[in-house]
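These notes are about the structure you will find just below.
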Amino acid sequence: MLFNKKQSGSILLVTLVFTGIFAVASVGIAGMVNFQHKLARQKVNWHNALSIAEAGIEYYRWHLAHDPTDLQDGTSIEGPYLHNYNDPFGSTIGQFSLNISAPDVCSSNVSITSTGWTTEMPSTKRSVKITYGKKSLADYAFLTNTDAWFGNTETIHGPVHSNGGIRQDGTNDSTVSSYLETYTCQSYHGCSSGGEEKPGVWGSGSDNTLWEYPSSNIDFEALTVDMSALQDIADNQNLYFGNLGLGYHINFLADGTFDLYRIDQLENPVWGYDMDDWIRERWDIKRESFLDNYAIPSSCAIIFIEDNVWVSGIVNGRVTLVAAKLPDVPSNRRNIIIHDNITYNQTNGNDVLGLIAQNNILVPLYSAPDNLEIDAALLAQYGHVFRYQYESNKIPYNIRDTITVYGSIITNQTWTWSWVNSSGATISGYEHTNTIYDPHLKYNPPPAFPTVDEYSVLQWEETTEK
């Protein structure tokens, strides 16, 4: 057999070529496999970073449930706050960092940003930002610290609660709850002069399946607004106005401003019954003088009047009007008087008015119109939201047609817009009353309006850091 040297050289060359190709391909495949593995690990760590960030949010949600006032992670120092994240076997596989933005006087919202990463790839980070808020008192269409009576011409759209008892002869489409299982109904709510024992909620009203009693108590003592803090905010915004003697009149304008007037003279006194006694009262403007025009600030707008104040107009903006005399002395507490219609420029939640009176919120005899609309959250901190009973000879002012409140009525003492006789006929006040819940106020109330309950999630958003 003959050996062909030329042929064997060719075979060796082909072998070397294929070996080189295989080697290059193997290196490429190995590189691609390594790249795919690295990419897979990056994806796993990227997803795990989000899970760790969410774990940080859940941790602080648990923390707030146990200590709602602690916004410094139990450290009493400013953040951020770093925590290890362990697997089920106790090994640390990542970390999260918490940044917490505490609420201020004007808002109860808490913002928490949690950034998470794994120990394998600490440079791959993901952040979750969540906003918590407490439910506003304005979540109630009507809230009172004492007994209440809704007559058969009165309609309430939205939740109703009383720390006393409720006689419900009107119309409701949401819960009507009382703190009490039973109570003594008094004569001013149509019961006998000696009082009658009644269930916490009772009456001839519609849909008693929505009546709840006994229910939880709303602690009015815990709802005290920090008036001095609001005074400071208003002062910084040049919206603090001191004692004048008779008081001020604020008329809101649709352009986002308000006109301020000084009360120069009130109408002559008239007899009015205030649920305790007949008194000579005067709550109607006879003469006033223009002082100035003011813009409503775009953030945390507080108008603080250290005197009685009359209010009317079209509200364009988010603002709270406070009437209070400091320091708080019961005999010096200030009132808010509804002078005329108060309406919103828009009813989509962009325009909001809070009226916080240290004492009463009143609707007077003459100035308020026959059909009155009030778009606002009303809070009488220590007094009533009400209209006096006026003498029958004050025709036609003693009996008016309809009053509609779009927002909320919160009153420490007994509320009423209407007075009736033993047969149920209106003898003073508004013959028809409508209270309509404003859903925008639940977690987005007027600036500095009181809140209750635990924190709830308002907003969740996620960003990625690389």
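The values are calculated or read from the model by the stated rules, or taken from the named source; none is laboratory data. These numbers were taken from a predicted model, which means no experiment stands behind them. Because the Cβ atoms are built from the backbone with ideal geometry, glycine has one as well, and the counts that use them run over all protein chains shown. To get the accessible areas, we keep the full protein, side chains included, count just its heavy atoms, and leave off ligands, DNA and RNA. Shrake-Rupley method; radii C 1.70, N 1.55, O 1.52, S 1.80 Å.
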Whole-number accessible area per residue in Å² for the range 329-441, which is evaluated in the context of all protein chains at 1.4 Å: 33
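May I ask you to order 136-142, 71-77, 163-169, 99-105 by the average number of other C-beta atoms within 10 Å around their residues, highest value first? Let's see the in-between values first.
Details: 136-142: 24.9, 71-77: 11.1, 163-169: 23.3, 99-105: 14.7.
Packing proxy ranking, top to bottom: 136-142, 163-169, 99-105, 71-77.
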About the Cα centre, charge dipole magnitude for the range 258-358 (Lys/Arg +1, Asp/Glu -1 at Cβ), debye: 160
Among beta bridges that DSSP assigns inside the chain, antiparallel share in %, nearest 5: 45
For the range 225-275 versus the range 327-344, the gap between their alpha-carbon centres in whole angstrom: 7
Sulfur and carbon atoms: percent of accessible area, the range 165-245 [1.4 Å]: 41
Descending semi-axes in whole angstrom, ellipsoid equivalent of the range 255-349, from the Cα gyration tensor: 27, 16, 14
Distance violations [Cα-Cα > 20 Å] among Lys198/Lys442; Lys325/Lys442; Lys286/Lys394; Lys38/Lys125: Lys198/Lys442; Lys325/Lys442
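When the helix-only estimate is applied to the chain (DSSP H runs of n ≥ 4, each -39,500 (n - 2.57), divided by the residue count), what is the mean residue ellipticity at 222 nm, nearest 500 deg cm²/dmol? Display every interim value, and only then the final one.
Values: 2 runs with 72 residues, N = 466.
About -5500 deg cm²/dmol.
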For the range 66-219: accessible area per residue (Å², 1.4 Å): 45
Taking the chain and dividing mean pair separation by its residue count, relative contact order in percent (alpha carbons under 8 Å, at least six apart): 15
Area accessible to solvent at Leu291, 1.4 Å probe radius, in Å²: 70
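Ordering Trp149, Trp278, Trp417 from largest to smallest accessible area (1.4 angstrom probe), what's the sequence?
On the way: Trp149 60, Trp278 100, Trp417 5 Å².
Descending accessible area places them as Trp278, Trp149, Trp417.
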In Hz, Karplus ³J(HN,Hα) per residue of the range 236-247 (6.51, -1.76, 1.60; θ = phi - 60°; x = Gly, Pro): 5, 9, 6, 10, 9, 10, x, 5, 10, x, 9, x
Cα principal axis extents for the chain, largest first, Å: 143, 53, 40
Accessible surface of the range 351-411, 1.4 Å probe, proportion on carbon and sulfur as whole %: 46
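Can you order the peptides 306-315, 232-241 by their average number of other Cβ atoms within 10 Å per residue, highest first? Intermediate values should be presented prior to the final figure.
Values: 306-315: 23.1, 232-241: 17.5.
The densest-packed peptide leads the list: 306-315, 232-241.
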Share of alpha-carbon pairs per 5 Å distance bin for the range 85-231, given as whole %: 2, 8, 13, 13, 10, 8, 8, 7, 7, 7, 6, 4, 3, 2, 1, 0
Where no second cysteine Cβ lies under 4.7 Å, the cysteines concerned in the chain: none
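May I ask what percent, to the nearest 5, of DSSP beta bridges between residues of the range 361-437 are antiparallel?
Here the share of antiparallel DSSP bridges comes out near 10 percent.
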Quotient of C-alpha Rg and 2.2 N^0.38 Å, computed over the range 278-417: 1.04
